[in-house]
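Data first, discussion second: the structure below is written as structure tokens.
Read the figures in this text as sums done on the coordinates, not as results from a lab. Note that this is a predicted model, so its numbers are computed, not measured. Reconstructed Cβ throughout: ideal geometry from the backbone, glycine too, with neighbour counts over all protein chains shown.
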There are 2 protein chains.
Amino acid sequence: MTPDLDRLFQALGDPTRRAIVDRLAESPTSVSRLAEPLGVTVTAIAQHLQVLEQCGVVRTEKVGRVRTASLVPDGLTPVERWARDRRSMLEKRLDRLAEILGEEG
Amino acid sequence: MTPDLDRLFQALGDPTRRAIVDRLAESPTSVSRLAEPLGVTVTAIAQHLQVLEQCGVVRTEKVGRVRTASLVPDGLTPVERWARDRRSMLEKRLDRLAEILGEEG
DNA sequence: ACAATAGTGAAGTCATGGCTTGACTGTTTG
DNA sequence: CAAACAGTCAAGCCATGACTTCACTATTGT
């Protein structure tokens, strides 16, 4: 069910991948420039980028010999929406409960 | 870095665990009632609940022989905030860019 | 043309994660 | 008290995931 969210959440569960997202939030960046501060191989970064691309968080374009990665504008909104929906559902329930308890108190 | 978010995102990356959260968004539920519709063992559910508890999404209380799980009110807000922050950061950057391109167009 | 640069591909390693089974501990209920 | 019930513990299984190395393929600058 919803393999989209599966891959999305799982992708963001990795600290290196979230670090990549953070870096890309500032500006589009090449593979090797992403690898530098993270203490991993460029190969690893390339693999992470593939994962992030597959779940719609990152876009990637290779011009010449350098591949530049950038964030997809609405790539994170499914996550945001999922969390917000659950929270609002819970809040509504708790409000109803508080109301009932208030009436009889 | 931020092992909180690590565990949180990773926890939510599992479909069974998200299904549990969905169920709990409706109402607090016992372990065995959670297990029923999900096609897994109660043992598995107990393990999932432990994970969700450790990352602050779920609260759990055992009275008599039945353990009842419920959602923690702000358990998902870190996720929501993280996603929202990145999105707004990106949007600001893109707005600035559009402005610059507009000026010279 | 040559050397340095930027990335890709295919293996392989090592740890972790989700799940199960089977035995066991408490708690209700007839 | 005995039997059904709700959950827990300890092990172990199997798949996946994050990473590395090494060899290799473009590209770019001298």
> Which of the aspartates and glutamates could a cross-linker span from B:Lys62 if the Cα-Cα distance has to be under 15 Å and same-chain partners fewer than 8 positions apart are dropped?
Replying inline: B:Glu53
>> So if the hydrodynamic radius of region A:51-105 is defined as the Kirkwood radius over C-alpha pairs, what does Stokes-Einstein give as its diffusion coefficient at 20 °C and 1.002 mPa s, in µm² per second?
In response: 147
> What number in nm² do you get for region B:3-103 if you take the convex hull of its Cα atoms and divide its surface by four?
Replying inline: 8.2
>> Whole angstrom only: what separates the Cα centroid of region A:43-60 from the Cα centroid of region B:48-93?
In response: 26
> What 222 nm value per residue comes from the helices of the protein assembly as shown, counting each DSSP H run with n ≥ 4 as -39,500 (n - 2.57) and dividing by all residues, nearest 500 deg cm²/dmol?
Replying inline: -21000 deg cm²/dmol
> Shortest first, in nm, what separates the label point of A:Ser32 from those of the same position in the other copies (7 Å along Cα→Cβ)?
Replying inline: 6.3
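Got the relative contact order for chain B handy, in percent, Cα pairs under 8 Å and 6 or more residues apart? Can you show the working numbers first?
Details: 83 pairs, mean separation 26.9, N = 105.
Relative contact order here is 26 percent.
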>> Please report, for B:Pro15, the nm distances (one decimal) from its label point, 7 Å out from Cα along the beta-carbon direction, to the equivalent points in the remaining copies, shortest first.
In response: 3.0
>> Under a crude label model (7 Å from the Cα following the beta-carbon direction), how far is A:Arg81 from B:Glu104 in nanometres?
In response: 3.6
> What are the radius of gyration and Dmax of the protein assembly as shown, computed over its Cα atoms and given in Å?
Replying inline: 20.4, 72
> Considering only the label points, 7 Å along Cα→Cβ from Cα, what distances in nm to one decimal separate B:Ile100 from the same position in each other copy, shortest first?
Replying inline: 5.7
>> Testing the spin-label approximation: label points 7 Å from Cα along Cα→Cβ at B:Arg93 and B:Thr41. State their distance in nm.
In response: 4.6
